[in-house]
Number of protein chains: 2
Amino acid sequence: MDWITQFSALDDLSPDLRAKLILQTQVVSVPKDTVIFGPGKKPDSMMFLISGSVRVSQLSETGREIVLYRINAGQSCFLTTASLLAYEEYTAEGVAETDIKAASIPRSVFDAMVSQSAEFRHFIFSTYSKRITDLFIVIEEIAFKRIDIRLAYKLLELSDENDLVAATHQVLATELGTAREVISRQLQEFQRRSWIKASRGIVTLIDPIALKKLSDSE
Amino acid sequence: MDWITQFSALDDLSPDLRAKLILQTQVVSVPKDTVIFGPGKKPDSMMFLISGSVRVSQLSETGREIVLYRINAGQSCFLTTASLLAYEEYTAEGVAETDIKAASIPRSVFDAMVSQSAEFRHFIFSTYSKRITDLFIVIEEIAFKRIDIRLAYKLLELSDENDLVAATHQVLATELGTAREVISRQLQEFQRRSWIKASRGIVTLIDPIALKKLSDSE
DNA sequence: CTTAGCTTAGTGATAATGTCACCGACAAAA
DNA sequence: TTTTGTCGGTGACATTATCACTAAGCTAAG
C-alpha cells in the first residue's frame, strides 16, 4: 500500500516524483512509548507519520514537563526535519503515544523533493506554520489564561464519545505544564459543582456544557 | 550596495541567482515603531531584514503582552514568510524597534529561490529552526522559571556597556509576560540587596555579578 | 486470601505570582 | 505655571506553586 495516500496534502504530487519518493523512503514501525527524539537522542531521519500519534513535550530541569503539541497521521514531524537540516539541539522530547508507522526520509531525498516539487514545498511550509501556531497558542495559554479554564478545555479535548477522560491527575498536570496538586484541587472544585465525577485514573464529564461555557469564558 | 552581503548565510549563492534575487527584490525603509504585521494586518511580502531590529510579541485579549523574540539584521522574518506561504492567521505582532531597512521578496521569487538554491533552502530552514528554538526557550521559561531569575537575566541582556538598562517597569514586564507590579516589587527587592539602582525609566546595575549568579541558579 | 509494595489522590501550610484599585511623583507641553 | 499624561508605589486580595506528608486503591507474591 502506497503510504503517500495518507498525506492528502501530497495528492497533487506528480507521478514520477511520487514513485521516486516511495522508492527512496522506508516505512518503519515503532512501538508505543518509544522516545523518538529527545535530549541526547538525535533522530536519524526525517519522519512522516503514517499512523498513530506522537506527543512532543518540553522538559524542565526540575522534572516538570509540558505538552507542546501532537503529530498525527498525515503530518510530518518538523522537529526531526529541523534537527537534521539545521544541526540545532532541542530540549524537547517526542514520544510515540501509540504504536506508530512512519515513512523515514533521508536528508538528501528531502532536499531533492523540496527542490523539485512545489506541492512538497507547500506541504512542508504548511507543517512548519501549523506548529508555530500551536506554539504561539501554548505560550498565550500558559502566560495569560487561568488554570481552571485551561483544564476545562483540556478535559473536553481528551474526552471520548462517552464523556470519559482516561488520565491521571499527573497526566493532566503535564498536559498543562502545572503541578499535580493544582489539578487535584481544580477537579475537586469541578466535582463540587457536579460538572465531573473523578475516580482513580478516570474523569467522567457529567456536565460538558458547563465545562464548555467555562473554557469559552476568555 | 548589494544587500545580500549583509546575509552571510547567502555568501555561497551562485552569481546568477544572486543577480536574479537582487533584480527581483526591492529594498524598503520602515520607520521605528511601525507595526509590520499583526492581528488584522497581513504582511504583503516576505521580509529579509537588512538593518535594524523587529520585536515580535504575542498579545492577549486582556491587554497583556509577551515578547517572543527579535529579528536582527541578516535574518529573515519567518512569520511574514509563513503567513504568505500557508495562509495561516497569527495573533502575534511584529513592530520595528528601530528604523529598519528590509528586502521585500515576492512570493513567486521566494518559491523559485527555494527550488533552485540549496544554499537558500538551508538559510530558510535554519531561520525556522532558530525561531522554534527561541519559542521553546520562552515556553520553558514562563512555565518553569521563577520571575526573579528571569528578570535578572533580562536586565543583564538589556544592559549597555555602562550597566544601564533604559526600560520602564512596564517594558520589562512585557519582555517577561508578567505584570508591572511584579517587576516593581522584584526591582525593589534587588535594590534592597544593592544589586541595582532604580530611577524613572532607567535601571543601573550595581552588582551584575550577583545578578548573573541569580540568573544562573538553575 | 492476605499483605506488601506501588501508584494515585488528598490535604494543610506556606511561598510566589497575578490582579485590582488607587495614589503620588515627575516631566513635558500648553 | 498649570495641566496632563506617564511612571512607579502600595495594600488587599486571588490564584497558582511548592513542600511534606497521609491515605486510599490496585496488583501481585506469598
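Counting only residues that are closer than 19 Å to A:R131 by Cα, more than 7 Å from every other protein chain (Cβ to nearest Cβ) and either free of Cβ contacts under 8 Å to residues at least 40 places away in the same chain or among the polar types (S, T, N, Q) (or both), how many does the range B:117-129 have?
1
crowded, with 16+ Cβ neighbours inside 10 Å and either modelled with pLDDT of 95 or more or more than 8 Å from DNA strand C (Cβ to nearest atom) (or both): does that describe A:Q170? Walk me through it before giving the result.
Values: crowded, with 16+ Cβ neighbours inside 10 Å: no; either modelled with pLDDT of 95 or more or more than 8 Å from DNA strand C (Cβ to nearest atom) (or both): yes.
Against the criterion (crowded, with 16+ Cβ neighbours inside 10 Å and either modelled with pLDDT of 95 or more or more than 8 Å from DNA strand C (Cβ to nearest atom) (or both)), A:Q170 does not qualify.
Has the range B:1-16 got at least one residue that is in contact with a Gly (Cβ under 6 Å, 6 or more places away or on another chain) and not in a strand (DSSP E or B)?
yes
In the range B:123-153, which residues are closer than 30 Å to A:E175 by Cβ, of a type outside the set (D, E) and open to solvent by 30 Å² or more (accessible area, probe 1.4 Å)?
Those that are closer than 30 Å to A:E175 by Cβ, of a type outside the set (D, E) and open to solvent by 30 Å² or more (accessible area, probe 1.4 Å): B:K130, B:I137, B:I142, B:F144, B:K145, B:R146, B:I147, B:Y153.
Can you give me the number of residues within the range A:84-93 that are more than 8 Å from chain B (Cβ to nearest Cβ) and hydroxyl-bearing (S, T, Y)?
Residues that pass the stated criteria total 1.
How many residues are more than 7 Å from chain B (Cβ to nearest Cβ), without any contact (Cβ under 8 Å) to a residue 60 or more places away in the chain and away from DNA strand D (no atom under 16 Å from the Cβ) when one looks only at the range A:131-150?
1
Could you grab the pairs with beta carbons closer than 7 Å, sequence gap of 6+ or different chains, first residue in the range A:191-218 and within 14 Å of chain B (Cβ to nearest Cβ), second one open to solvent by 60 Å² or more (accessible area, probe 1.4 Å) and within 15 Å of DNA strand C (Cβ to nearest atom)?
A:E218/B:E61
May I ask you to verify whether B:E97 is among the acidic types (D, E), at the interface with chain A (Cβ under 7 Å from one of its Cβ atoms) and within 28 Å of B:G177 (Cα to Cα)?
no
Scan the range A:13-63 for residues that are touching a Phe, Trp or Tyr at 6+ places or on another chain (Cβ under 6 Å), under 18 Å from A:F123 (Cα atoms) and within 14 Å of chain B (Cβ to nearest Cβ) and jot them down.
A:M46
Quick one: would you say B:S104 is in a strand (DSSP E or B) and at pLDDT 95 or above?
yes
Please identify the pairs in which a residue from the range A:176-189 that is under 21 Å from A:V56 (Cα atoms) has its Cβ atom under 8 Å from the Cβ atom of a residue that is open to solvent by less than 50 Å² (accessible area, probe 1.4 Å) and basic (K, R), counting only partners at least 6 apart or on another chain.
Qualifying pairs under 8 Å: A:L176/A:R150; A:L176/A:K154.
Take the residues of the range A:64-82 that are over 25 Å from A:A179 (Cα atoms) and of a type in the set (A, V, I, L, M): which is nearest to the other protein chains (Cβ to nearest Cβ)?
Only one residue fits best here, namely A:A82.
So which of B:V114, B:V182, B:V109, B:V171 is at the interface with another protein chain (Cβ under 9 Å from one of its Cβ atoms) and in a helix (DSSP H, G or I)?
Only one candidate qualifies: B:V114.
Only residues that are touching a strand residue (DSSP E or B) at 6+ places or on another chain (Cβ under 7 Å), part of a helix (DSSP H, G or I) and over 16 Å from A:E218 (Cα atoms): list them for the range A:132-168, please.
Passing the criteria: A:D134, A:L135, A:F136, A:L155, A:L158.
Could you say which residue among B:E189, B:E218 is closer than 23 Å to B:I142 by Cα, part of a loop (DSSP other than H, G, I, E, B) and of a type outside the set (K, R)?
Matching residue, one of B:E189, B:E218: B:E218.
Take the residues of the range B:29-60 that are over 13 Å from the mean Cα position of the chain (by Cα) and under 14 Å from A:F136 (Cβ atoms): which is nearest to DNA strand D (Cβ to nearest atom)?
Filtering first and then ranking leaves B:S60.
Can you give me the number of residues within the range B:154-165 that are surrounded by fewer than 18 Cβ atoms within 10 Å (Cβ to Cβ) and either within 16 Å of DNA strand D (Cβ to nearest atom) or of a type in the set (F, W, Y) (or both)? I'd like the intermediate steps shown before the answer.
Step one: list which residues in the range B:154-165 are surrounded by fewer than 18 Cβ atoms within 10 Å (Cβ to Cβ), which gives B:156-158, B:160-164.
In the following step, the residues that additionally are either within 16 Å of DNA strand D (Cβ to nearest atom) or of a type in the set (F, W, Y) (or both) were identified as B:158, B:164.
The number of residues fulfilling the criteria is 2.
Among the numbered conditions (1) more than 12 Å from DNA strand D (Cβ to nearest atom); (2) in contact with a Gly (Cβ under 9 Å, 6 or more places away or on another chain); (3) among the polar types (S, T, N, Q), tell me where A:T168 comes up short.
Result: A:T168 fails condition (1) only.
How about the range A:174-196: which of its residues are within 10 Å of DNA strand C (Cβ to nearest atom), buried (at least 22 other Cβ atoms within 10 Å of the Cβ) and of a type in the set (G, A, S)?
Hits for the range A:174-196: nothing passes.
The values are calculated or read from the model by the stated rules, or taken from the named source; none is laboratory data. Just so we're clear, the structure is a prediction, and the values are computed from it rather than from any experiment. Reconstructed Cβ throughout: ideal geometry from the backbone, glycine too, with neighbour counts over all protein chains shown. For accessibility, only protein heavy atoms count, side chains too; no ligands or nucleic acids. Shrake-Rupley method; radii C 1.70, N 1.55, O 1.52, S 1.80 Å.
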